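Some notes on the structure that comes next.
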Amino acid sequence: MQGDAYLKCINPQCGLEYPIENTNVQCEKGHLLDVKYKNKPSPELKEVFYKRRNSEGSIFNESGVWRFRELLNFCQIDTENIEECSKYLVSLDGAEGRQSKPYHMSKAADFIGISNDNLWLQPEGYNPSGSFKDNGMATAVTHAKMVGAKKIVCASTGNTSASAGMFAANEGINCDVYIPAGQIAPGKLSQAYQFGAQIVEVDGNFDDALKQSLDDAQNHDGYTVNSVNPFRIEGQKTIPFRALEYLNWEAPDWIVYPGGALGNTSSCGKALMELYEWGWIKKIPRIAVINSEGASTLSDLYNGKFEGEELRWNKGNPNTELISRYYDHLDKEGLRPKTKATAIQIGRPANILKGLRALEFTNGVSTTVTDSEMLDGMSVVGLNGFDCEMASGASVVGIKKLMDEEIIKKDDIVVGILTGRQKDAMIPVDYHRNPENKFAKPPKN
Ligand code: F0G
């Protein structure tokens with residue numbers, strides 16, 4: 001036991017600390033928490049991680065999450081001791097993160113207008129439950145197991161529930177998932193049923209479902225596994241870890257994500273902050289967060305589209321009243337998030353403050369894309385022999401838009417994250433049946 005991991009409030013004025021066994025997702029003043037480590041991992045671990053790609057029979061080396069276990073060792077175990085790993089670390093037989101790494105995709109590069117050598121796309125859909133969520137769910141369920149939780153609880157636009165259900169079934173614990181009724185892809189809903197999760201249908205959107213699930217967790221002894229859980233963020237750090245490792249730890253200029261609840265943005269920011277502080281990377285990549293035009297809270301607030309003020313982390317003093325006024329405005333005007341990319345149909349990103357911190361640290365940007373652009377992005381990925389869902393298409397067309405605006409420069413190295421696999425079979429069918437769509441190949445008769 002190294003005893004070096006603890007939880008700390010993200011608000012520098014508050015800074016409350018908690019032992020690692022704490023299961024509240026917020027400090028007592030209502031701020032989000034970070035997992036912190038007292039030790040500074042040696043850059044020599046890069047070599048260890050590389051060697052583990054030859055797994056030598058260990059699922060914890062095979063796993064794209066636990067391969068980096070020294071950088072997520074909140075269990076404080078001897079990470080070389082495989083028996084100890086088996087006792088503590090939750091893994092779906094090493095499958096989480098195992099197949100996801102960055103690839104060149106020439107047709108996507110042509111469409112974007114970037115040199116093929118400069119574009120990397122990382123399909124996180126090739127995780128066991130079909131989305132990037134498995135990276136963070138492996139770690140959140142590890143913590144749930146560590147504290148003896150009997151039931152995990154989440155709200156979801158679909159992928160979180162599939163991932164939570166899968167790990168819960170594998171660990172033999174219960175799982176309640178709150179979903180916005182009628183607003184999630186059929187393939188995701190069927191996964192949650194298949195894995196034996198208890199579905200709770202909420203008459204409302206994801207934001208309403210999250211509120212209910214957090215209340216349920218608090219009142220009925222549930223363990224929350226949404227991305228407000230700091231242990232989710234730890235596992236999702238391995239998404240940029242894998243990208244960086246494949247680039248020999250040479251930081252790219254940009255890392256681009258679709259933006260929903262902003263768990264990914266937060267985890268990428270935390271990963272980069274830690275790597276930079278430890279001297280593992282010399283340059284800080286800029287994060288770009290791509291919202292759907294119909295669910296654009298971050299982009300609106302960050303770009304000063306509401307009340308003319310550009311919302312910033314501001315060294316830990318963000319204008320949270322501006323955020324509250326924005327949400328009041330949405331409520332008063334009856335504005336509900338609306339996009340066909342239901343995965344990111346989110347109006348109140350629960351991690352907005354961590355997201356802003358990540359954007360400040362990385363000099364990041366945020367923008368929006370339309371539904372039809374996302375469909376083109378999704379489709380061109382398919383033409384390279386990779387499969388992704390509509391929300392993931394936002395990364396591709398977001399890069400294109402930022403290049404057209406010359407925010408991403410011609411020679412920049414860009415990594416785009418393709419967050420999930422296609423789970424709504426009719427979306428590509430409908431896209432290709434309409435000859436007006438850019439990449440459509442309509443059926444012949
Ligand atoms: N892409 C996909 C495929 C997603 O499922 C999600 C989020 C996001 C992007 C956004 O990521 O929240 O980290 O900004 N899906 C969640 C869910 C909310 O419930 O499955 P984020």
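How large, in percent, is the carbon and sulfur part of the accessible surface of the chain at a probe radius of 1.4 Å?
45
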Over 32 Å (Cα to Cα) - which of Lys211/Lys283; Lys211/Lys282; Lys145/Lys354 fall in this group: Lys211/Lys283; Lys211/Lys282
Length-normalised contact order for the stretch 267-406 - Cα pairs under 8 Å, 6+ apart - percent: 30
Mean Kyte hydropathy of -1.0 or more with a Cα span along the axis of at least 20 Å, helices from DSSP in the chain: 263-277, 390-404
Rough spin-label spacing in nm, given labels placed 7 Å along Cα→Cβ, for His329 and Glu47: 5.5
Cα Rg, Dmax, the stretch 284-363, angstrom units: 12.5, 40
Max mean-square fluctuation residue, GNM over the chain, Cα-Cα springs under 10 Å, options Asn264, Asn11, Asn135: Asn11
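When every alpha-carbon pair in the chain is counted, what percent end up more than 42 Å apart?
On the way: 7489 of 98790 pairs.
Considering the chain, 8 percent of its Cα-Cα pairs are separated by more than 42 Å.
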Inter-label distance, nm, simple model (7 Å from Cα along the C-beta direction), Leu322/Asp411: 3.4
Separation of alpha-carbon centers, the stretch 103-117 and the stretch 1-31, rounded to whole Å: 42
Unsatisfied cross-links (Cα-Cα over 25 Å) in the set Lys29/Lys340; Lys107/Lys270; Lys8/Lys101; Lys315/Lys409; Lys8/Lys237: Lys29/Lys340; Lys107/Lys270; Lys8/Lys101; Lys315/Lys409
Enclosed volume per residue, in Å³, of the convex hull spanned by Cα atoms of the stretch 246-383: 111
Relative contact order (%) - criterion: Cα under 8 Å, at least six apart; region: the stretch 229-321: 24
Alpha-carbon Rg with Dmax, taken over the stretch 164-221, Å: 11.4, 30
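What accessible area per residue comes out for the stretch 48-164, rounded to a whole number of Å², with a 1.4 Å probe?
Details: 3780 Å² over 117 residues.
Value for the stretch 48-164: 32 Å² per residue.
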Two-site label geometry, Ser86 and Lys338: point separation in nm, points 7 Å out along Cα→Cβ: 5.5
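For the stretch 302-445, what D do you get in µm² per second when you plug the Kirkwood radius from alpha-carbon pairs into Stokes-Einstein at 25 °C and 0.890 mPa s? All intermediate terms of the calculation are to be shown ahead of the outcome.
Working: Rh = 17.3 Å.
It diffuses with D of about 142 µm²/s by this estimate.
The values are calculated or read from the model by the stated rules, or taken from the named source; none is laboratory data. Owing to the predicted nature of the structure, the values given are computational and were not obtained by experimental measurement. Reconstructed Cβ throughout: ideal geometry from the backbone, glycine too, with neighbour counts over all protein chains shown. Heavy atoms of the whole protein, side chains included, go into the accessibility calculation; ligands, DNA and RNA do not. Shrake-Rupley method; radii C 1.70, N 1.55, O 1.52, S 1.80 Å.
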